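Trainee: The structure's right below; bear with me while I get my questions together.
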Amino acid sequence: MERTFLMVKPDGVSRQLIGEIVSRFEKKGFRLAGAKLMQISDELAKKHYAEHKERPFFNDLVAFITSGPVFAMVWEGENIIATARQMMGKTNPAEAAPGTIRGDYGVIVSKNIIHGSDSPESAKREISLFFREDELISYSRPA
Ligand code: CMP
């Protein structure tokens, strides 16, 4: 079963969108395998966003993601990596379709509410950065 890493960013936490976001993935039929509210260290932020190291906005990205608590989650389900990205909408909320999380709640690209892994490789990497294996639980849903 496929797993992905999703994270409500500091703007989503401060706007009290955790429940709304969890609810969307639960109602879709995905299963929460692990979750925690946490304050990301500078070191973890730089590892998480390592692929953006050369971008002009890298320092702002790290500053923003460490500016307040985030809600880190692992979700499980059929084809969840691609489906979660559809549910999140385009990276830039101004271009994200209504009905998606960013389309419904976001306005600017640097404060786009939620992060989600973009491939099986990044899901594996990001899950292991934020969670130990014994913090994750797989279970089946009753019919
Ligand atoms: P995320 O999915 O967390 O991955 C990288 C993040 O970089 C992305 O969401 C955006 O929030 C952020 N980002 C992308 N482009 C820009 C930009 N031009 N300026 C600031 N932040 C950006």
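The values are calculated or read from the model by the stated rules, or taken from the named source; none is laboratory data. None of these values were measured; they are calculated from a predicted model. Cβ coordinates were reconstructed from backbone atoms using ideal geometry, including for glycine residues, and neighbour counts include every protein chain displayed. SASA here: full protein model, heavy atoms, side chains in, ligands and nucleic acids out. Shrake-Rupley method; radii C 1.70, N 1.55, O 1.52, S 1.80 Å.
Trainee: Just one of (1) over 14 Å from the mean Cα position of the chain (by Cα); (2) closer than 17 Å to L129 by Cβ trips up E78, so point out which.
Mentor: The single condition E78 does not satisfy is (2).
Trainee: Would a scan of the range 12-25 turn up a residue that is of a type in the set (G, A, S) and in contact (Cβ under 8 Å) with a residue 24 or more places away in the chain?
Mentor: From the range 12-25, those of a type in the set (G, A, S) are 12, 14, 19, 23; that's our starting set.
Now restrict to residues that are in contact (Cβ under 8 Å) with a residue 24 or more places away in the chain: 12, 14.
So far as the range 12-25 goes, yes, one or more of its residues are of a type in the set (G, A, S) and in contact (Cβ under 8 Å) with a residue 24 or more places away in the chain.
Trainee: Turning to a different aspect of this structure: Considering (1) open to solvent by 40 Å² or more (accessible area, probe 1.4 Å); (2) free of Cβ contacts under 8 Å to residues at least 60 places away in the same chain; (3) part of a helix (DSSP H, G or I), say which one E54 fails and leave the rest.
Mentor: The failed condition is (3).
Trainee: Take V74 and tell me if it is within 13 Å of the ligand (Cβ to nearest atom) and buried (at least 21 other Cβ atoms within 10 Å of the Cβ). It would help to see each step written out before you state the result.
Mentor: On the way: within 13 Å of the ligand (Cβ to nearest atom): no; buried (at least 21 other Cβ atoms within 10 Å of the Cβ): yes.
No, not satisfied.
Trainee: Name the residues in the range 77-107 that are within 14 Å of the ligand (Cβ to nearest atom), of a type in the set (S, T, Y) and in contact (Cβ under 8 Å) with a residue 40 or more places away in the chain, would you?
Mentor: Passing the criteria: only Y105.
Trainee: Can you go through A84, A45 and tell me which one is open to solvent by less than 20 Å² (accessible area, probe 1.4 Å) and either of a type in the set (D, E) or closer than 15 Å to L6 by Cβ (or both)? I'd like the intermediate steps shown before the answer.
Mentor: Numbers: A45 fails: either of a type in the set (D, E) or closer than 15 Å to L6 by Cβ (or both).
Result of the check over A84, A45: A84.
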